[in-house]
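Report on the following structure.
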């Protein structure tokens, strides 16, 4: 598992005082208010920065970080990703996973046949859908519901599913 989790992407500056406009990668954007520091993936380095202020605008997070005080300062971080250390992540409820941990998991049916690998996860409102790609390149969409997803083993990157009629 990755030591750091991506929590957003800096897409632009906001205002003239050095706020970073961030697209959040979390279900609860108020989580940013609880953070004291974040890491900015700048080029090939992680730069730890102290958060001075958090605001919200529409569905975006506006971050003021120490040392970034002008529009010019913010421009160097445009399109960079924000990360946190995994140990600082929220504790997820049972049977809930970080998307980054699901991507790349091998999926098997009830008879241990390899169905493919999870390549994407997207929300639908009522539940997430796992996009599984098989060896032939065909994609299978699996709803993340208990009647389909039977076992998830993150450390071993393995998932067992019940393929109900109509999924394949």
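In whole angstrom, note down how far apart the Cα centers of the stretch 91-168 and the stretch 4-54 are. That distance is 29 Å.
Using C-alpha pairs below 8 Å separated by at least 6 residues, the relative contact order for the stretch 99-161 is 31 percent.
In nm, give the distance between the simple-model label positions of residue 66 and residue 106, each being 7 Å from the Cα along the Cα-to-Cβ direction. Modelled inter-label distance: 4.6 nm. Using Stokes-Einstein with the Kirkwood hydrodynamic radius over Cα pairs, what translational diffusion coefficient do you get for the chain at 25 °C and a viscosity of 0.890 mPa s, in µm²/s rounded to a whole number? Here the translational diffusion coefficient equals 138 µm²/s.
For residue 44 and residue 86, what does the FRET efficiency come to when R0 = 22 Å and r is the distance between their Cβ atoms, rounded to the nearest 0.05? Let's see the in-between values first.
Numbers: r = 20 Å, r/R0 = 0.89.
Efficiency computed from Cβ-Cβ geometry: 0.65.
The label point for residue 36 and the one for residue 151, both projected 7 Å from the Cα toward the Cβ, are 4.1 nm apart. Diffusion coefficient of the stretch 99-161 by Stokes-Einstein, Kirkwood radius over Cα pairs, 4 °C, 1.567 mPa s: 112 µm²/s. Working from label points 7 Å from Cα in the Cα-to-Cβ sense, the residue 78 to residue 131 distance is 2.7 nm. Sorting 11-24, 69-82 by their mean Cβ neighbour count within 10 Å, with the most densely packed peptide first, gives 11-24, 69-82.
If you sort the three axes of the alpha carbon gyration tensor as a ≥ b ≥ c, you get a/c of 1.5 or more for the stretch 75-129 and a/b above b/c, which makes it prolate.
None of the figures in this text is laboratory data; all of them are computed from the coordinates on show. A quick note: this is a predicted structure, and the numbers were derived from the prediction, not measured. Don't worry about glycine lacking a Cβ; one is built from the backbone with ideal geometry, like all the others, and counts go over all protein chains shown.
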